[in-house]
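Provided herewith is a single structure, encoded as structure tokens, for subsequent inquiry.
The values are calculated or read from the model by the stated rules, or taken from the named source; none is laboratory data. If you're wondering where the values come from, they're calculated on a predicted model, not measured in any experiment. Quick reminder, even Gly has a Cβ in these numbers, built from the backbone with ideal geometry, and neighbours come from all protein chains shown. We work out accessible area using only protein heavy atoms, side chains counted, and drop any ligands, DNA or RNA first. Shrake-Rupley method; radii C 1.70, N 1.55, O 1.52, S 1.80 Å.
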Amino acid sequence: MSEWDESDAQLELRLRTWAIPVALASAFFLVWAVPSLVRIFLSMWVHELGHAMAAWLCGVFAVPGPWRTLTASGRSPLFASLLSAALIYAAVRSWLTDRRRAAALAAALLLLQLACTLLPGLRAATQLIVFAGDGGCLVLGALLMASLYAPAEGAIRRGWLRWGFLVIGAGAFADVFEQWWAARTDPDRIPFGMNEGVGLSDPSVLSDQYGWSASLLVHRYVALGCACLLALACIYAAALSRARRDAQLRP
């Protein structure tokens, strides 16, 4: 290992040790200090993307936008077929170019899309789409933070995208997780009611139209958030262990 490579390995070890804990701690502080700014500039966009991605996986066409995601009223066989074809192409193309991880990811997304499109009825799929707003902040937020550990040869790491993803992911995750964690003891933190210019909030839709209780809402969001934190902790530990091994290598 050259002196330059050794220096890079030590730097990567420090980054993998501190980046996510510092990002999460800073995000929770900002949620406490300036929650509206975190919501406007970070979590709102991930929230709407969560709605849209859930809809796409369920075969429903959707367009995410600021504060609202336009969603079709039913499944579109044409849209679902086009999405499946795109994922198949991505998997095959990645495999043929020796990008095994990308191929595995595309294949996993294809299986998930087929399951979400074919198995649940429209009523269940609609509930998933509504739930996936704040749920998306938790899941996508954790995935965006985990992109810190993207392969060195990948575009995410070469182009420094991982730092932007880390900030966005930490902000989105902290904003939603803090709210639902606090709602365990303070039901007033559940955002029931109307969103101006949009309509009923997601918890109100799930409660009024689908019969979800307040305790069920809190339990499911907190459970999902804790599962995402556990998964992120496992990824963090594995990546840190690998970085330590790389830093200890010698010629």
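Starting at the first residue of the range 76-85, write each ³J(HN,Hα) from the Karplus equation 6.51 cos²θ - 1.76 cosθ + 1.60 with θ = phi - 60°, in whole Hz, x for Gly and Pro.
10, x, 5, 4, 4, 5, 5, 5, 4, 5
Computed over the Cα atoms of the range 124-251, what is the convex hull's projected area averaged over all directions, in nm²? Walk me through the intermediate numbers first.
Working: hull surface 40.7 nm².
So the mean shadow area of the Cα hull is 10.2 nm².
Follow-up. Keeping every protein chain present and rolling a 1.4 Å probe, give me the accessible area per residue for the chain in Å².
Values: 14050 Å² over 251 residues.
Accessible area per residue: 56 Å².
Follow-up. By how many degrees, 0 to 90 and rounded to 10, does the Cα axis of helix 3-33 deviate from the longest principal axis of the chain?
The angle comes out at about 30 degrees.
Okay, moving on. When the accessible area of the range 10-153 is split by element with a 1.4 Å probe, what percent falls to carbon and sulfur? Write out the running numbers ahead of the final one.
Numbers: 5940 of 7830 Å².
So the carbon and sulfur contribution to the accessible surface is 76 percent.
I need the P(r) histogram for the range 195-248: all alpha carbon pairs, bin width 10 Å from 0 out to the longest distance, whole percents.
21, 26, 21, 16, 12, 4
Ok, one more. Over the range 34-116, what relative contact order in percent results from Cα pairs under 8 Å that are six or more residues apart?
On the way: 91 pairs, mean separation 19.9, N = 83.
In percent, rounded to a whole number, it is 24.
A further question follows. Once Lys and Arg get +1 and Asp and Glu get -1 on their Cβ, which of 127, 111, 171 lies farthest toward the positive end of the dipole of the range 101-204?
Selected residue: 111.
In degrees from 0 to 90, rounded to the nearest 10, what is the angle of the helix 122-146 Cα long axis to the longest principal axis of the chain?
Helix 122-146 sits at roughly 30 degrees to that axis.
Moving to a separate point now. In degrees between 0 and 90, to the nearest 10, how far off the longest principal axis of the chain does helix 161-182 point, with axes built from Cα atoms?
Helix 161-182 and the main axis of the chain meet at about 40 degrees.
If you take the C-alpha gyration tensor of the chain, multiply each eigenvalue by 5 and take the square root, what semi-axes do you get, largest first, in whole Å?
On the way: eigenvalues 227, 126, 41 Å².
After scaling each eigenvalue by five and taking roots: 34, 25, 14 Å.
Please list, ordered by chain and number, the residues whose modelled amide H lies under 5 Å from the amide H of residue 70; skip anything fewer than 5 residues away on the same chain.
63, 65
Work out the length of the dipole vector of the range 52-135 about its Cα centre, built from +1 on the beta-carbon of each Lys and Arg and -1 on the beta-carbon of each Asp and Glu, and round it to the nearest 20 debye.
Values: 7 positive and 2 negative charges, 22 e Å.
Rounded to the nearest 20 debye, it is 100 debye.
Related question: Over the chain, with a Gaussian network built from C-alpha contacts below 10 Å, which listed residue (30, 105, 200) shows the highest mean-square fluctuation?
Greatest mean-square fluctuation among the candidates belongs to 105.
Give, as a single signed number, the net charge of other residues whose beta carbon lies under 11 Å from the beta carbon of residue 43, with Lys and Arg counted +1 and Asp and Glu -1.
Values: positive: 39; negative: 48, 134, 175, 178.
Net charge in that neighbourhood comes out at -3.
Considering the chain as a Gaussian network with a 10 Å cut-off on Cα pairs, which listed residue, 32, 160, 45, attains the greatest mean-square fluctuation?
Among 32, 160, 45, the largest GNM mean-square fluctuation belongs to 160.
Let me ask another. With +1 assigned to the C-beta of every Lys and Arg and -1 to the C-beta of every Asp and Glu, and no other charges, what is the dipole magnitude of the chain about the Cα centre in debye, to the nearest 20?
600 debye
Find how many whole Å separate the alpha carbon centroid of the range 177-251 from the alpha carbon centroid of the range 55-131.
22 Å
Pick from 185, 117, 97: which residue has the top mean-square fluctuation in a GNM of the chain where Cα pairs under 10 Å get a spring?
It is 97.
Work out the charge dipole of the chain with +1 on the Cβ of Lys and Arg and -1 on the Cβ of Asp and Glu about the Cα centre, then indicate which of 238, 64, 138 is farthest towards its positive end.
Value computed over the given set: 238.
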